[in-house]
Amino acid sequence: MSTITPLLRKAYSSERFQEQGQALLAYLGTYLSDLDAHSTNPFAEPQQELQFWEQLLKNEGGQGKAAPLDQVLERTVHVHQPKYMGHQISPPVPTLAFADQLSAVLNAGMGVYEMGRAGSALEQVVINEFCGLLGLSVGAGGFLTHGGTLANLTALLAARASRWPGETEVWETGQTDAIKPCLLVNEQAHYCIDRAVRIMGWGAGGIRKVPSDDQYRIRTDLIEATLAEAKAEGYSPVLLVGSACTTSTGSFDDLQALAKVAEKHQLWLHVDGAHGAPLAMSAQHRHLLAGLEQADSIAMDFHKMCCVPALTTALFFRDVKDSYRTFHQQADYLLNFDTEDEWYNLGRRTFECTKQMLSLRVFSLLFQHGPQFLRDYLNRVCALGQTMADQISSRPDFELAIRPDCNIICFRYTPKLPQMTAPQLDHLNQLIREQIVQEAEFYLVNTRLRGRYYLRCTLSNAFTEDHHISALLDKVASIGNTMQSLNTSLGRLR
Ligand SMILES: *Cc1c(COP(=O)(O)O)cnc(C)c1O
C-alpha cells in the first residue's frame, strides 16, 4: 500500500486549490465593493473570540472543508473602511495580495539566491529604485526585512559592528565591562528602539532618552549634555537615532541637526523612518526629512505609508558595504561571509534566514502604478491630517495636541467645566474611546502625552472624506457630552 495516503493527495489537490481560490476571490471582490456592509472593527472580548474559534474547530474540524475565511473577515478590523482611523497600517492596494498568493504557493526561501532567484534580484531592483526616490546618495543600498522592529535592531547591530570592527568587537568577545555602549534617542521614539538596546545587552544605561520639545521633537540642544553625561558614567556612545517620525504624534526630528552632532562626535546616525520616510518622495513634504541622505542607516516600512501588505520594510545604508559587516558568523552549509558585495545571497545581511518574497509586493506596486501613485497617496493622507486638525481647532470643546506634520493626529475632548481635574479628563476620554470601539462604526486609538490621555488617529485611508472625520468628531462630542452629564449626576468619573 502506498504511503501517499488519500489525505495527502487531497491536501495538495489542484482542483481544491482552484475551487477555494475562486470562491475567495469572488468573496473578497464583493467585500471591497461594499465596505459599508461591514462595521469598521467588530468588537468582541478576547475570551469570547477564543471560545468561538475553539468551538468551530471542535465542531467542524477535520472534515476537509475550506477554512472559514469569511468568519475571519467578519471578525477582524477593516482597514479599507474609510471610518478606519486607528493604528498606522495602510489599506494595501488589493491587487498586491496576488503577489503574496504566488509567493505563498512557491514558498521560495530567499535566504540564498538559489532558493529565491527572481525574488533576490527583484529586491535589489526595488531597493535601488527607492534609494533614488528618497534622494539617497550614490553608494547607498540595503535590503528588505520583516518589519520596522527588526530593521531597527539590525541597524543598531550594524552600528555596533562599525564601532568595534574585527576581532575586538562584541560579536567575538561578548559584552564585557570594558565596553559599555549606548545610544541617544528622542524620549518619544518607538518602543522597539528601547527593546533592541536591551536585546543587545546594553541594559537600561545603554539607552539615553533625550527630552522632546513642545512639538515632541528631540531637543537637539540637549544632546551634547546627554553625551557628556553618558561618557562621565563610562559609556561609549555609539549612535544617534532620529525619529522620522515619532509614533505617538508623528513629529519629525531635525535630521540635519542630528547629522551635525553625529559627524562631530563620530557617531552612527540611524533614522527610524518606519512611518514617515516615504514622505521624502513628495516635493510637498520632503522638507520634513531634510538631512535624510546623511543618515548611515534608515528603516522604512512599506506597510504604513506605501499601501503594501504587512510586513514589508526596507533597511537602507548610506554605504551599502556597512550592510555586510553586521553578521560575521560562518554557516558553512549555507553562506559564505567572507566575500563582500555578494548582494544576491541576502541571508548574509538579514536577520532572517528564510524570508518571504517581500520584494514582489513592492515591485508589483511600482510596476502597476509607478511612484506617482505613492506621491498622490502621501499628499492625500497628509492633506486629510490638516483637514482633521482644522476641524478639531474649530470646535470649542476639543483640544488639538499639536499641529500635525503628516497623517497622525492627537486630540481630546475637553468640555469647559472648571471642576474637571486632569485625571477626570483622562478618564472621560478613555470612556469615549471605549464606547467608540464597542460601537465599532469607527476605529481610533489612544496615547499618552506628558502623562495625559489623548485620542489618536492615523488617517491612512485615501478614501476617508471630510464628512467621515466630522462624523467621528460629532460622535466623540456626543458621547463625551452624555458621559459628562452622567458624571455630574452619578459621579462616575474617577
Ligand atoms: C511602526 C513603527 C515601528 C515598528 O515597525 P513594525 O513594522 O510595526 O515592526 C518602529 N518605529 C516607528 C517610528 C514606527 O512608527
Hey, does the stretch 60-76 have a residue that's modelled with pLDDT of 95 or more and either in a helix (DSSP H, G or I) or over 22 Å from the mean Cα position of the chain (by Cα) (or both)?
no
For M110, the lone unmet condition from (1) within 30 Å of Q372 (Cβ to Cβ); (2) part of a helix (DSSP H, G or I); (3) out of contact with any Asp or Glu (no Cβ under 7 Å at 6 or more places or on another chain); (4) open to solvent by less than 50 Å² (accessible area, probe 1.4 Å) is (2)
Filtering the stretch 137-186 down to residues that are more than 16 Å from the ligand (Cβ to nearest atom), outside any helix (DSSP H, G or I), open to solvent by less than 10 Å² (accessible area, probe 1.4 Å) and small (G, A, S) yields G141
State yes or no: is L227 among the hydrophobic types (A, V, I, L, M, F, W, C) and within 16 Å of the ligand (Cβ to nearest atom)? no
- Query: Does the stretch 208-229 include one or more residues that are touching a helix residue (DSSP H, G or I) at 6+ places or on another chain (Cβ under 9 Å) and closer than 13 Å to A159 by Cβ?
  - Reply: no
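Can we say S90 is within 16 Å of the ligand (Cβ to nearest atom), at negative phi and not in a helix (DSSP H, G or I)? Even if it seems obvious, please write down each step before you answer.
On the way: within 16 Å of the ligand (Cβ to nearest atom): yes; at negative phi: yes; not in a helix (DSSP H, G or I): yes.
Answer is yes for this residue.
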Of (1) farther than 29 Å from P404 by Cα; (2) touching a helix residue (DSSP H, G or I) at 6+ places or on another chain (Cβ under 6 Å), L184 satisfies every one except (1)
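A quick yes/no check of all residues on (1) among the basic types (K, R); (2) away from the ligand (no atom under 15 Å from the Cβ):
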position	(1), (2)
S248	no, no
S251	no, no
Q256	no, yes
K260	yes, yes
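Mind listing whichever residues of the stretch 223-232 are over 17 Å from S212 (Cα atoms) and without any contact (Cβ under 8 Å) to a residue 40 or more places away in the chain? Even if it seems obvious, please write down each step before you answer.
Going residue by residue through the stretch 223-232, those that are over 17 Å from S212 (Cα atoms) are 228-232.
Answer for the stretch 223-232, where residues must be over 17 Å from S212 (Cα atoms) and without any contact (Cβ under 8 Å) to a residue 40 or more places away in the chain: A228, E229, K231, A232.
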Scanning the stretch 61-79 residue by residue, those open to solvent by 30 Å² or more (accessible area, probe 1.4 Å) and within 17 Å of L311 (Cα to Cα) turn out to be V77
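Please verify whether the stretch 220-233 includes one or more residues that are modelled with pLDDT of 95 or more, β-branched (V, I, T) and assigned to a loop (DSSP other than H, G, I, E, B). It would help to see each step written out before you state the result.
Taking the stretch 220-233 as the starting set, the residues that turn out to be modelled with pLDDT of 95 or more are 220-233.
Those still in the list that are β-branched (V, I, T) too: 220, 223, 226.
Okay, now just the ones that are also assigned to a loop (DSSP other than H, G, I, E, B), so none.
No, because not a single residue in the stretch 220-233 is modelled with pLDDT of 95 or more, β-branched (V, I, T) and assigned to a loop (DSSP other than H, G, I, E, B).
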Filtering the stretch 191-209 for residues that are modelled with pLDDT under 95 and buried (at least 20 other Cβ atoms within 10 Å of the Cβ) leaves a count of 1
The lone condition V126 fails out of (1) part of a loop (DSSP other than H, G, I, E, B); (2) within 24 Å of the chain's Cα centre (by Cα) is (1)
- Message: Kindly evaluate E169 against the criterion of being at pLDDT below 95 and more than 21 Å from the chain's Cα centre (by Cα).
- Response: yes
For the stretch 331-343, state whether one or more residues are part of a loop (DSSP other than H, G, I, E, B), over 24 Å from E172 (Cβ atoms) and modelled with pLDDT under 90.
yes
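Taking L240, is it more than 10 Å from the ligand (Cβ to nearest atom), assigned to a strand (DSSP E or B) and buried (at least 24 other Cβ atoms within 10 Å of the Cβ)? Working first, answer last.
On the way: more than 10 Å from the ligand (Cβ to nearest atom): yes; assigned to a strand (DSSP E or B): yes; buried (at least 24 other Cβ atoms within 10 Å of the Cβ): yes.
Taking the combined requirement at face value, the residue satisfies it.
The values are calculated or read from the model by the stated rules, or taken from the named source; none is laboratory data. All values reported here derive from a predicted model rather than from experimental measurement. So basically every Cβ, Gly included, is an ideal-geometry build from the backbone, and we count neighbours across all protein chains shown. Just so you know, the surface numbers come from the protein's heavy atoms only, side chains and all, with ligands and any DNA or RNA stripped out. Shrake-Rupley method; radii C 1.70, N 1.55, O 1.52, S 1.80 Å.
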